[in-house]
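This report concerns only the one structure given below.
The values are calculated or read from the model by the stated rules, or taken from the named source; none is laboratory data. Since we're looking at a predicted model, the values are computed, not measured. Because the Cβ atoms are built from the backbone with ideal geometry, glycine has one as well, and the counts that use them run over all protein chains shown. Heads up: the accessible areas ignore ligands, DNA and RNA and are worked out on the full protein's heavy atoms, side chains in. Shrake-Rupley method; radii C 1.70, N 1.55, O 1.52, S 1.80 Å.
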Amino acid sequence: MLTPSPPVGEPASPSTAATRQLLTELDQAKTQRFHFRTIVIAGMGFFTDAYDLFVISLVIPILGGLYAGGSLDPTSKGLLGAAALIGAAVGQLLFGYLGDRLGRKRVYTITLTVMAIGAIGSALSVPFAGLSMIDVLMLWRFALGVGVGGDYPLSATIMSEYSNVRSRGRLVASVFAMQGFGLLLGAVVTLGAVFLLPTLDLSWRVVLAFGAVPALLTVYFRTRMPETPRFSIATGQVGAAAKAVESLTGARVAAPHSAAVARPPFARLMRIYGALLLGTAASWFLLDIAFYSTNIFNPTVLSEIGFGNAGALPLLDQIRTLALGNVVVALFASVPGYWAAVALIDRVGRRPLQYIGFAVMTVAFLALSFAYAPLKSVIPAFLAIYGATFFFANFGPNTTTFVYPSEVFPTTFRTTGHGIAAAAGKTGAVIAVFLFPALIIAYGPSFIFELLAGVCFLGFVATLALLPETSQRSLEDVSGEDELAVLVRRFSTYLRALSLTLAQGASALRELLTDPSTRRPEKVAAIRAIEHRADEEVHRIFVELNNRRLSADVRADVGHLASALDDIMDGIESVSARVETYRLDATSLELTRFADIVRESVDLVGEGILALDELYRGSTSGLERSIVEVNRLENEADELLRGLLGRLFEGNDPIEILKWKDFYERLELITDRCEDVTDVFQDLKVRYAPGP
């Protein structure tokens, strides 16, 4: 007999029928106006994020020409490019933590306000207190980055927690895809500024200040958004969750009082979710090394290959040409990549999109590295391959690394986990921005592309090794929060298959006991084969238990069910072996009735397994029938055993007495094991049944 592995604890959210019904209403709701409004409100943050983060790539050449004698030194260029990214990493950690502590809504408007202040401060940078204008700009860019970073975990989590299961990937990815338009607008605004404004000094200031406009336009609408129902449930505010769900779906659900979910220690969370945190953080870290190397220094790369002969042009014309190059890359590679991901993420799945994106980026960077010299002389061919790295980054890992952390962590750790993963990404971006200027000068673009190919290959490996598929699964199922959902959705198929095997064994035993003289060896062998198949199914269940992040209760419940079902089949096989050993040739009415009781009890156990689905939907009638009827049959088996033993002890042959006593007791033990299964059913009913 197989035994379960030691239980491992896991945080769980309230699992009452009312809260599950609220979550089911959210998961099954049609995509409607509220979802699209949330995409716009959350997406404007990412529109602004992309504009603010990447427009610096066009401002840096202007600053070099105006204030640094033609070009900024690599250190200053790296610090200027990295300042907002460092701030973003800080903001992701800070606001991710606050989002789980104070609520998503309470801190959501703060991020846009910080972004707007940082953008305006950047535009007004002047020498101050002994600091140069470039130094002051770096400080304002850091402050801007704090707001940008805070938007990542909050926007992703809010959209994810409001989404339905069917379209969650598409909805969250749509928020992130607004980055593409931010990238495009940054290039367009820069073009307009350098063409229309009288001086370059005014142009770069207007370009940076414009980043405050979409942020300020969106702040009010964020204040009107309700708290997500999932966070309300996790904090015991089920009434607020019910109101939010009703406003979204029209469904009215009773809202009983519920206790807030206890926040487990960080060390315990790491034991449970550490591998997932490593997978999301590592893939985002590796992606951002490649993504920011090419995006922030896109003008540098375009200048290196002689795009528009930019390097030989006067500064103003050079900026215009490079901005036009950014428009071309954004319009034909970046933006289509984002929206291709939106279209396919729920059909293809997160995991395939991510590893396909990393794989194509690896191949494209290798091609750019090994064939750099000939491709450099054929600019359309170079731009096609170079553009493919942007398209497949946005089609794959740049989108999926944003979506994944909003799904795989529990509600009480969701924005924190997302913030940690995103901060790991920005750490990779900072490394890229610091190293890129020096490396491209020391080793040239060919070496850079080869290095980025290796980085993308590591991302491909990390995706396959560490990340699961989350498409078409509820957040509670993915994160393991709803214990009953985990039990029903992850294990009901295994348990049903095992109960069907037991039913075959019970039917085979009845056939053997009602006619033991006909083909007895073949019947016994058939039961033994069924018992072996049941052992294999039980083994699969325990392998699944060991390979999944599960709470102690789920491990115990599934382990007890599997063990009790295995004991039933062991009992059936044991009785059939005694028929062969004792050379049983005749039957009796009592023996036939015993066989019927066993078969009926096993069938009722199977009905109880099926009724777990009903329990998840809030109905206990199926489980109650199984519990009551199995108990009745077990009592009948006890009475039958007592009568048989009474008559048996009237005999004089001690061998016969011991033989039949052993035989009858083993039959009755099967019904005891069936009752053991219903004891687990009873525990589940008490724990998860709807309240009065």
Next on the checklist: With a 1.4 Å probe and all protein chains left in place, how much accessible area per residue does the chain have, in Å²?
Outcome noted: 37 Å²
Checklist entry - How far, in degrees from 0 to 90, does helix 74-102 lean away from the longest principal axis of the Cα atoms of the chain, to the nearest 10? => result 40 degrees
Next on the checklist: If I model a spin label as a point 7 Å beyond the Cα along the Cα-Cβ vector, how far apart are those points for Val213 and Leu500 in nm?
Outcome noted: 6.2 nm
Next on the checklist: Output wanted: per-residue J couplings in Hz (rounded whole) for region 33-49, from phi through Karplus 6.51 cos²θ - 1.76 cosθ + 1.60, θ = phi - 60°, x for Gly and Pro.
Outcome noted: 4, 4, 4, 5, 5, 5, 4, 5, 5, 6, x, 5, x, 6, 4, 5, 3
Checklist outcome for this item: Per the 1/(1 + (r/R0)^6) rule, R0 = 51 Å and r from the Cβ atoms of Asp683 and Thr518, FRET efficiency to 0.05 is 0.75
Checklist entry - Using Cα atoms only, what is the angle between the long axis of helix 315-329 and the major principal axis of the chain, expressed in degrees (0 to 90) to the nearest 10? => result 20 degrees
Checklist entry - Taking 0.36 nm per intervening residue step and subtracting the Cα-Cα distance, what contour gain separates Ser247 from Arg263 on full extension? => result 2.9 nm
Checklist outcome for this item: Under 20 Å by backbone N from the virtual spin label 7 Å along Cα-to-Cβ at Ala525, the residues of region 553-580 are 573-580
Checklist outcome for this item: Yeah, the chain with a ≥ b ≥ c from its alpha-carbon gyration tensor (a/c under 1.5 is rounded, else prolate when a/b outruns b/c, oblate otherwise) is prolate
Checklist entry - Label-point separation (nm) for Asn635 and Tyr582, each offset 7 Å from Cα along Cα-to-Cβ? => result 2.7 nm
Next on the checklist: Please list, ordered by chain and number, the residues whose modelled amide H lies under 5 Å from the amide H of Tyr404; skip anything fewer than 5 residues away on the same chain.
Outcome noted: none
Checklist entry - If we sort 126-135, 23-32, 450-459 on the protection proxy, mean other Cβ atoms within 10 Å, highest first, what's the order? => result 450-459, 23-32, 126-135
Item to check | Whole-percent carbon and sulfur share, accessible surface of region 609-691, 1.4 Å | outcome: 50 percent
Next on the checklist: At a 10 angstrom cut-off on C-beta neighbours, averaged per residue, how do the peptides 169-180, 349-360, 423-434 rank from highest to lowest?
Outcome noted: 169-180, 423-434, 349-360
Checklist outcome for this item: Descending packing, highest mean Cβ count within 10 Å first, for 40-48, 616-624 is 40-48, 616-624
Checklist outcome for this item: With the charge dipole of the chain built from beta-carbon charges (+1 for Lys and Arg, -1 for Asp and Glu) about the Cα centre, the Cα from Phe285, Leu623, Ala506 projecting farthest to the positive end belongs to Phe285
Checklist entry - In degrees between 0 and 90, to the nearest 10, how far off the longest principal axis of the chain does helix 238-249 point, with axes built from Cα atoms? => result 70 degrees
